[in-house]
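First the structure, in the form of structure tokens, and then the observations on it.
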Amino acid sequence: MYIEQINSPQDLKKLPVADLQVVSDEIRTIILEKVSKYGGHVGPDLGAVDAIVALHYVFDSPVDQIVFDVSHQAFAHKIITGRRDAFINNRVSEYTAPKESPHDFFIMGHTSPSISMCCGLARGRDLKQEKNNVIAFIGDGALSGGEAFEGLDNVYQIGTNMIIVVNDNQWAIAENHGGIYSNLRKLRESDGKCECNYFKALDLDYMYVADGNDVEALVKAFRSVKDIDHPIVVHINTQKGKGYLPAIENEEKFHYSVPFDLKTGLPLKDPDRFESYSTLTGKYLIDEMKKNPELIAITSATPMVIGFTPDLRKEAGAQFVDVGIAEEDAVAFASGLAKRGVRPVYGVYGTFLQRSFDQLSEDLCMQNNPAVILVYLTGVYGIPDQSHQCFFDIIELSDIPNMVYLAPVCKEEYFAMLEWSIAQREHPVAIRVPSHGVKSIPDYLPQTDYSDLNRFRMMKKGSQVAIIAVGTFYQLGEAVVKALKDKSGVDATLINPRYLTGVDEKMLDELKSDHKLVITLEDGITEGGYGEKIAGYYGPMDMKVVNYGFKKEFVDQYKPSELIAATGLTDVQIADDIIKYLAK
């Protein structure tokens, strides 16, 4: 095998061009063996292999700077740049990471920043009077992100060497939407000759490669633009999932996959055996749409976050809208719909919602329009990668005026909150969807009206210690109450706060009569988090408050159970702390 002899781009350059397709095929084999065993992105990487091989064959990384957007396309890059064994054994991040290699320039997990970052690299190069190529590699729907347009608009001003490789595989996670992709289709169909050209309209030079999986054609194209003295877009037409039939036949399913059988493409564990809030929400919304033609579901390129499979998207018709990788647009769009009297529900992963803070504040909450936002995969049980983690959503959402941020503790409460939030017309409402699996409390009778804001629910009345357990960490609160009782005999109060955007002053005042310690548990950052609202309220009083949550830091490649224990957030650790506090 060639690939066993390639530990750097310099090793790759020793091969004749005619052998590079074999190298690509070997890299695909490595990728498939790794992702089938451990899970991960599949289709994006298989389709990008040939272009990455050609880039490293022609350019001189790391002197020539290649920036991948989104870097989940960059598996071949990692393999070529000396991380083959670590990649095979799942010891490196899925995303580019400067701490791993000098061939990586940024931690790149979110979509659309590559062109802007490359503008910075190119302008810095020119100011320092240095010489090298700067290459942005962008694809997987990233052009629909507003930052990508802003970057392209800035490229013109650079005016010197900058190469933008548009990896056009016709997909984001699901199918692409919007006018940009209509134009890309016309360019593909015209062999790049369509008079209407998005990139030329921005006054950029343009080149089209019809077969972006032909390594020799790519080498020829890249050689022709190496050391170019002005910006150019190299538009390459690739196939997502190249080389693996199941990934070609089901691009959406194999954008990212859990471990699967390599021969059949079937998951090793049947995901349909387990309930998820995504699938339950999709079924709920599609049923509600049949009753209410003014209910509309919105996604920003992640339709499965709210359970909208291709079949449900087809069934919903005009009542489902995918705005592309454009969270800012999604929030403002939802606000406009709500202003018109429509009932919008926007489902989004918490890590991506971060991109829309200004729209949440100015375009939605300042207008006080009653849109609904469902926030998924937050906290420690979300995505355990530093570029995708979301410990920050409580800080982000809970202090915006007019926003009501709800944190259900179980399936029954989640759907009661969802039903109310869609029906009410007074507030923008966000719901922090539990991220540690679907927990049902069959005898739990949630209220149906949440319009009397910031009213906590006391789940168990005790004394001395009150534990306020937020959303996902409610079950941890139950476990702490039990551990404390078993260890010390203390019968603690357990409170479900439900609202993250305010405090129940009446209940907090009542606790002062027979409690001396309040513990808050939140699956988020403590600094600036929900617990500090409780601590702030009790500040002038004698009540002692201790906030439990996570440190303000970026955590990479962690296991939830290990991070929880390392942070002192197990039930036993917290119970032991409480006993010490009570003894003082």
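Descriptive notes on the structure:
- Point-to-point label distance, Lys516-Glu195, nm (Cα→Cβ direction, 7 Å offset): 8.5 nm
- Dipole moment magnitude, nearest 20 debye, the stretch 157-308 about Cα centre, only Lys, Arg, Asp, Glu C-beta charged: 140 debye
- Modelled spin-label separation between Ile248 and Arg425, with each label point placed 7 Å from Cα along the Cα-to-Cβ direction: 5.4 nm.
- The chain: angle of helix 411-423 to the longest principal axis, Cα-based, in degrees nearest 10: 80 degrees
- The stretch 457-583: C-alpha gyration tensor shape, a/c 1.5 cut-off, then a/b vs b/c: oblate
- Reachable lysines, given that their alpha-carbon falls under 18 Å from the alpha-carbon of Lys411 and they are not under 8 places away in the same chain: Lys283, Lys439
- Cα gyration tensor, the chain - rounded (a/c under 1.5), prolate or oblate: prolate
- Extension gain (nm, one decimal) between Asp509 and Lys461, 0.36 nm per residue minus Cα-Cα: 15.8 nm
- Gyration tensor (alpha-carbon) shape descriptor, the stretch 396-527, a/c threshold 1.5: prolate
- Beyond 24 Å in Cα-Cα separation lie the following of the pairs Lys34/Lys78; Lys220/Lys242; Lys485/Lys512; Lys512/Lys552: Lys512/Lys552.
- Label point distance in nm, Leu582-Asn368, each placed 7 Å from Cα along Cα→Cβ: 4.5 nm
- Of all lysines in the structure, those lying under 27 Å Cα to Cα from Lys128, and not within fewer than 8 positions of it along the same chain, are Lys99, Lys226.
- Taken as Cα centroids, the stretch 389-460 and the stretch 47-121 sit 40 Å apart, rounded to the nearest whole angstrom.
- Inter-part distance where the stretch 465-523 and the stretch 258-289 are each reduced to a Cα centre, Å: 34 Å
- Taking 17 Å as the straight-line reach from the Cα of Lys193, the aspartates and glutamates in range (excluding those fewer than 8 positions away in the same chain) are Asp168, Asp203, Asp205, Asp211.
- Listed peptides 167-176, 250-259, 12-21, 574-583 by packing density, highest first (mean Cβ within 10 Å): 167-176, 250-259, 574-583, 12-21
Just so you know, all these numbers are worked out from the coordinates, no wet-lab data involved. Model, not experiment: these values are computed from the prediction. Here the Cβ is made from the backbone with ideal geometry for all residues, glycine too, and neighbour counts use every protein chain on show.
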